[in-house]
Amino acid sequence: MTDIPLLSLAIWLPIAGGLLVLASGDGRNTAFSKLIALVTALFGFLVTIPLYTGFDASSASMQFVELMPWVRDYNINYHLGVDGISMPFVILNSFITVLVVMAGWTVIEYKPSQYFAAFLIMSGLLNGIFSALDGILFYVFFEASLIPLYLVIGVWGGKNRVYAAFKFFLYTLLGSLLMLVALLYLFHKSGSFAILDWHREPLAMTAQSLIFWAFFASFAVKVPMWPVHTWLPDAHVEAPTGGSAVLAAIGLKLGAYGFLRFSLPIVPDAAQHFAPVVIGLSLIAVIYIGLVALAQTDMKKLVAYSSISHMGFVTLGFFIFNPLGIEGALVQMISHGFVSAAMFLCIGVLYDRMHTRNIADYGGVVNTMPKFAALFLLFAMANAGLPATSGFVGEFMVAMGAIQFNFWTGFAAATTLVLGAAYTLWMYKRVVFGDVANSHVAELDDINSREMLILGVLAVCTLAMGIWPQPVTEIMHATVNQLLDHVAAGKL
Amino acid sequence: MTSMQKLYLLVPLAPLFGAAIAGLFCRVIPRWVAHSVTILGVAVALVASWVIFKDVQAGNTFNGALYTWATSGNLKMEIGFQIDKLTVMMMMVVTSVSLMVHVYTIGYMAEDPGYNRFFSYISLFTFSMLMLVMSNNFVQLFFGWEAVGLVSYLLIGFWFKRPTAVYANLKAFLVNRVGDFGFLLGIGLIAAYAGTLNYAEVFAKREELVAMTVAGTGWPLLTAACIGLFIGAMGKSAQVPLHVWLPDSMEGPTPISALIHAATMVTAGIFMVTRMSPLFELSETALSFVLVIGATTALFMGFLGIIQNDIKRVVAYSTLSQLGYMTVALGVSAYSAAVFHLMTHAFFKALLFLGAGSVIMGMHHDQDMRNMGGLWKYMPLTWITSLIGSLALIGVPFLSGFYSKDSIIEAVHFSNIPGAGYAYFCVVAGVFITAFYSFRMYFRVFHGPENFGKAHDDHHAHGDDHHGDDDDHHDEHHGLAPGQKPHESPWVVWLPLVLLAVPSMFIGYYTIQPMLFGDWFAGIVTVLPQHDVLAKAGEHFHSAAGMAMHGFTALPFWLALGGVVLAWVMYILVPSLPGRIAPLFAPITKVLENKYFFDRFNEIVFAGGARLLGRGLWAAGDRTIIDGVLVNGSASAVGAVARLARGIQTGYIYRYAFAMVIGVCLLLVWRLGFK
């Protein structure tokens, strides 16, 4: 089992497939390139399954490790591995890729093969981010993954796609440059680019503080945290459905993952010292963004703001430093991968038919699309954190952890119960319920079998994880406990 | 797994199976399949509950996990069952009322296109409610708690074309979420300080917990946790000020008003507090809070019942008031009396609601009592059963409502925790109010002149809904055509009425001794000796018959009689009286018609405030400051610097020369200035 380089396959298989799709071109044979895309995505997903089944949950160390020298002079290595924190995201990403390829199947008419190629390549690069154990390798994947998404928004996006694509690119690039400085400093200090070496590298408080903020600049933009979040609604609104789904499901997780892989273990003392700031910003995200979401008139913007609010729960969970908080936040990340992807796909279903995202243009969709309405309701309820859906698990655990940490923190976090339900279900009411609002709604066709399959699979995931999250949480325990011990011990 | 444990599992899963079949295939299966499979599921649950009931009575209880839901740190969250006498009582109530409602629905929803979907929802509700009452831990409690809320949301908005229905279901969900906010904090405090979410383990630590305070606030832990939990109960059991959703929930079809918004879901809060009695007992502050809220609900919601003209809304306000009675009982530590009233109320209130539904069917979906009158002639079975329900509700001795309500009044009488005096006044005055509005409805519907079938313009039929409820679009309310007579409902409708009338009459008589004064709840309900008002009441209790005989001479009976007589005078003897005295009460009526202005306040302050705040933050925070000043501002700053730099590097020699000259001059001035 360990002989097969599973992680390399998870990274390079989609990339190679993507290049093949690209080469197949947009000539007569788009059906052929679509087929390659789907087969590649499926295989890309299949190779990640042994990561779960072969995972040793009792161990906190890196597994499925691959190590090869890359640039000997600077001690840069091709070093891959996953632990209980990163492994679920490799699988999630590969899984979402399959759905996104299916979602774009008939919808994308403009340069379809390039579209599918972009997603496959992005999928490989994202897997690279989650499995890289070398600082430079991580940075390369981290930056490279920007390009496909930038192109997806810029080429297949809406009216304001250029503004949105630039805003997205510059916002995130600006943050990453500071991270690069931090990475170079760490190399200078330790003589190694191995992330695990940096975990052990003793650092004084001043250095820790500077590194903390350098990382923070990069990761906070990616999450995104308030107040560096304004690129996300624009990016989502302009991105095509698949782009939004990947951005929400995986893109937003990169920043959060960075906090766990870099900030907490490399600069534990600074992380603890500045935790109140991060907690404060997270709570602002939950409450302020929740209220802002209420005011939105564009469905995609609303869900984008809802994503920011949910990610506020993730950063909150990380920085309260207890197992419930961190594991809850990780569960929330995975669940948000399903639910936000599903929400964006649902909006895509409507958009494909009506070519508008304005809530006011809808009303009474249930009359013409009952199957869709039922699935959409499930995801809306998951978004509002209803028990028995995955959306509940993470929110519940983080809220429990937050109350354990400090009552008022928990109090502020728990407002999401009301706010999340308010903005999600108010939107749902205006779009789905009521009498048929206009002649366009009257002519809607219910979801076809392809859409049913995609949303149905996500529905099963959402419910399964809500009813029995233990298989997901148990693989995290060892890694999270080790991380918490490490943070508690500190480096000073 | 033993065979009994399999049976425990069967109880919730049988209705779930029915719900899944009827729901997933609602568009392909014929109607008879949908109702058969769901009725079968609930019937199986009822029979299994009965077997378990007998088993528990024989002394076999159970408390164990089904599976581990999740673990984190030291906290283990499980799904599991606690089967004891409180649980089996609730299981019996839930499954039996649910079965009645299922059967009734065959008739009531016969013409509705959403027939299969409706059966799926009510079975799903039954599953959720069973999971809630069978739980042995807080996670599953919350699980069931929110799941019943979801189904309630779906069912209130069942007729999703009506703007009022989808307004009401969103309102119900959000108001319940406000309650759940407190509920979650309560659960969180318990998890944080007890380190477990299992009931029995938490109760075992209650002596330690009582000494703790909540860090960062200084509040006594159990007071904070119990009040948090109770805020959840206030949402679910519709206590002031979180009661506002229940009257609006009448937008849903009548069978669910009976099942969810009268008999079972709304009593979840009462059940929960009873389950938590070991914790509530240790906080007198929390108990006082419970008591005052309950007493206020009991009396002031009753007043609102007096001015309603929509038959369902009268019953809805009556439900609010009765839930207040149960809450009062909790507040004085008479948990058994609360649950006892919960049980009797479930039967007679389900009966009253289903009776009202039968009337509505007979009236061709006209709900306005002003268009009724004299129906006893046309709907004899509905008439008799509704009379039984009304008599039980107002507490006529020997009927079930008498035993439970009188026990609560007695319990409050003996209590001396803060607020008990106020509560005693409220519950006693409430008896008169209850009798008055119940028989106001009864006389106007079943007796007096026949007002139906008269030519009335459409507006008249709905004119009354202006009482602050913005619902005058009951598009499916036709009313009887001129000359048309009401008719008795089919057997699937009247049979449940008859079957519910039986326990409405007798169940109190037969169960009061074991439930209140016997050892039925021993070991489940914990009451501190100084709070044990039921023990004091029990000293005067000799037999159910004796209590009823004594009831004829007691104050509540005469108050109830007074209410009935007043209603008779006003609506039968001198029907012109209400119109003549109305001007005297105009200011009070205005307050009542606006339901104490709760709805308007919430609509303006909370809903409006949140939307305004959201728009303000978006416009000022996101778009102006962050995007306008910081993001686009820095972009234009870069642009401006670039323009400046472009201006310098023009390539024209004279510009460079000019700049050099200026620079040299400045340098000279600077150097000379220092010398």
Area projected by the alpha carbon convex hull of chain B, averaged over all directions, nm²: 45.1
Amide H contacts of residue B:195 (H built 1.01 Å from N, under 5 Å, at least 5 apart or other chain): none
Set of lysines with alpha-carbon distance to residue A:159 below 22 Å, sequence-local pairs under 8 removed: A:111, A:167, A:300, A:301
Between helix B:653-674 and chain B: long-axis angle, C-alpha atoms, 0 to 90°, nearest 10: 90
Rounded Å value of the spacing that divides the Cα centres of the stretch B:408-459 and the stretch A:118-139: 69
Amide H within-cut-off set for residue A:70, under 5 Å, with H built and near neighbours excluded: A:76, A:77, A:78
Residue-by-residue Karplus 3J(HN,Hα) for the stretch B:124-135, coefficients 6.51, -1.76, 1.60, Hz, glycine and proline x: 4, 4, 4, 4, 4, 5, 5, 4, 4, 6, 8, 4
Computed Kirkwood radius, in angstrom, where 1/r is averaged over Cα pairs of the stretch B:169-297: 15.2
Crossing angle, helix B:380-394 versus chain B [Cα axis fit, 0-90 degrees, rounded to tens]: 70
Likely footprinting exposure, B:447, B:540, fewest C-beta neighbours within 10 Å first: B:540, B:447
Ranking of A:375, A:46 by count of other Cβ atoms within 10 Å, fewest first: A:46, A:375
Computed over the stretch A:206-352, the ratio Rg/Rh where both radii use C-alpha atoms and Rh is Kirkwood: 0.99
Spread of Cα-to-Cα distances over 10 Å intervals beginning at zero, given as percent, for the stretch A:274-492: 9, 33, 32, 17, 7, 2, 0
Residue mean of other protein chain beta carbons inside 10 Å, B:189-199: 3
Radius of gyration and Dmax over the Cα atoms of the protein assembly as shown, both given in Å: 32.8, 118
In Å, descending, principal axis extents of the Cα set of the stretch A:194-233: 39, 22, 9
Inter-chain shielding of A:393-401 (mean C-beta neighbours from other protein chains, 10 Å cut-off): 5
The stretch A:1-126: Rg to Rh, with Rh as the Kirkwood radius over Cα pairs: 1.05
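Can you give the percent of C-alpha pairs in the stretch A:103-228 whose distance is more than 27 Å?
29
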Orientation-averaged projected area, Cα convex hull of chain A (nm²): 21.0
Residue-averaged beta-carbon neighbours from other chains (10 angstrom radius) around B:141-151: 3
Size descriptor, Kirkwood hydrodynamic radius, that averages inverse alpha-carbon separations across the stretch A:114-179, Å: 12.4
Contact order relative to length of chain B, as percent, for alpha carbon pairs under 8 angstrom and 6 or more apart: 12
Karplus (6.51, -1.76, 1.60) ³J(HN,Hα), θ = phi - 60°, over the stretch B:357-364, in Hz, Gly and Pro reported as x: x, 5, 4, 4, 5, x, 8, 6
Pairs of Cα atoms farther than 21 Å apart, the stretch A:355-443, %: 42
Sequence-distant lysines (8 or more away, or on other chains) whose Cα lies within less than 17 Å of residue B:161: A:371, A:429, B:171
Burial order of peptide ranges B:191-203, B:479-491, B:261-273 (average beta-carbon count within 10 Å, highest first): B:261-273, B:191-203, B:479-491
Order of B:662, A:15, A:49 - criterion: other Cβ atoms within 10 Å of each residue's Cβ, fewest first: B:662, A:49, A:15
Quotient of Cα Rg and 2.2 N^0.38 Å for the stretch A:141-192, N being how many residues it contains: 1.49
In Hz, Karplus ³J(HN,Hα) per residue of the stretch A:242-253 (6.51, -1.76, 1.60; θ = phi - 60°; x = Gly, Pro): x, x, 4, 5, 5, 4, 6, 6, 10, x, 6, 7
Cα-centred dipole magnitude for the stretch A:274-492, charges only on beta-carbon of K, R (+1) and D, E (-1), debye, nearest 20: 260
Gap separating the Cα centres of the stretch A:162-209 and the stretch B:647-662, nearest whole Å: 41
Percent breakdown of C-alpha pair distances by 10 Å bin, ordered from the shortest bin, for the stretch A:1-222: 8, 29, 33, 22, 7, 1, 0
When the stretch B:576-644 is reduced to its Cα atoms, the Kirkwood hydrodynamic radius in Å: 16.6
Longest DSSP-loop-exposure-free segment, GluC sites (Glu not before Pro), chain A, at most 15 other Cβ within 10 Å: A:110-442
Sequence-distant lysines (8 or more away, or on other chains) whose Cα lies within less than 25 Å of residue B:85: B:6, B:54, B:205, B:236, B:349, B:405, B:536
Centroid-to-centroid separation of the stretch B:206-259 and the stretch B:1-39 [C-alpha atoms, Å]: 31
Under-5 Å amide H pairs with residue B:237, H placed in peptide plane, nonlocal only: B:269
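Readers should treat all values here as calculations from the given coordinates under stated rules, not as data from a laboratory. Here the structure is a predicted model, which is why all the values come from computation and not from measurement. We place every Cβ from the backbone using ideal geometry, glycine too, and count neighbours over all the protein chains shown.
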